1. List the pairs whose first member sits in the range 218-247 and is not assigned by TED's automatic domain parsing to the domain that holds A153 and among the small types (G, A, S), whose second member is modelled with pLDDT of 80 or more and not in a helix (DSSP H, G or I), and whose Cβ atoms are under 9 Å apart, counting only residues at least 6 apart or on separate chains?
2. Just give me the residues in the range 40-54 being in a helix (DSSP H, G or I) and basic (K, R), in sequence order.
3. Among the candidates T78, T38, single out the residue that is touching a residue at least 12 places away in the same chain (Cβ under 8 Å), out of contact with any strand residue (DSSP E or B) (no Cβ under 7 Å at 6 or more places or on another chain) and among the β-branched types (V, I, T).
4. Can you confirm whether K139 is basic (K, R) and under 22 Å from I104 (Cβ atoms)?
5. From the list V33, V19, V37, which residue is modelled with pLDDT of 95 or more, outside any strand (DSSP E or B) and under 14 Å from the mean Cα position of the chain (by Cα)?
6. Can you tell me which of (1) crowded, with 16+ Cβ neighbours inside 10 Å; (2) free of Cβ contacts under 8 Å to residues at least 60 places away in the same chain; (3) not aromatic (F, W, Y) is the one L68 doesn't meet?
7. Only one of A210, A232 is closer than 30 Å to V107 by Cα and out of contact with any helix residue (DSSP H, G or I) (no Cβ under 8 Å at 6 or more places or on another chain); which?
8. Of everything in the range 7-32, what is acidic (D, E) and under 18 Å from A45 (Cβ atoms)? Give them in sequence order.
Amino acid sequence: MGEFAHIERRRDGPVEHLVLNRPEVRNALNEEVIAEVTTWARRAASDPDLRAVVIAGAGLSFCAGADLAWMAKMAGYTREDNLRDAHDAAAMFEAINTLPVPVIARVHGAALGGGAGLAAVADIVVADESATFGFTEVKLGLIPAIIAPYVLAKIGESAARELFLTGRRFSADRAHEIGLVHAVMAADQLDRAVQQYLADILASGRDAVAAAKALLRQISYRSIGEVGPLTAEAIATRRVSAEAQERMRAFLKK
């Protein structure tokens, strides 16, 4: 057995493939999976050769939310236990969100609860046309609290109101309509779609992609007047960078 018991990682040149590997429970999350993914993401963030990440699930589903055995333990937790547990889960989503490289989620089967949260925290989501999504926490008397900031950033408050408050499951087409998913494909075309996105990413400037992702986090939910100086500073910095200078010269020579 490798370093991780519940996730598998495979490197393909500058691309890291992370697979949630608990197919017997549809890759449901528990405290052990969360700890492993957090450790992996924090290490990946400092990898100078990394250009992109693809997250997928083994077996029949991407991620079906919280593990039932974990939920059974939660029922006996004190408030302090639950607070510690919630902070750990929040750290996992934040570690993925702050990866400096693009994160692609390859979604099939079910992406429910925290699984839908993983889709929300990904930069690009490619989904099987038969995939099912849902923020189903209210069905269990819970709320999608930790993932809420990432979901709101993706789908907006209107769709979140409908889906958070009903807990209803929804299709890949509906997920695409509200912006949670970027491409809906037949199952046998999923990997091709992922590869097309990877080709675009790898054909772009590594530092420019990282800077674009960082800028988006920096300016989200701030007024245009507030972020104007930040955006001017960001583009001025990029224009004089070695990477941009080289790429612009090559383009102009054409």
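The values are calculated or read from the model by the stated rules, or taken from the named source; none is laboratory data. Not measured: the values here are computed from a predicted model. Counting neighbours? That spans all protein chains shown, and the Cβs are built from the backbone with ideal geometry, glycine included.
1. Correct list of pairs: S241/G205; A244/G205.
2. Passing the criteria: R42, R43.
3. T38
4. Spelling it out, it is not the case that K139 is basic (K, R) and under 22 Å from I104 (Cβ atoms).
5. V37
6. Looking at each condition in turn, L68 falls short on (1).
7. A210
8. Across the range 7-32, the qualifying residue is only E16.
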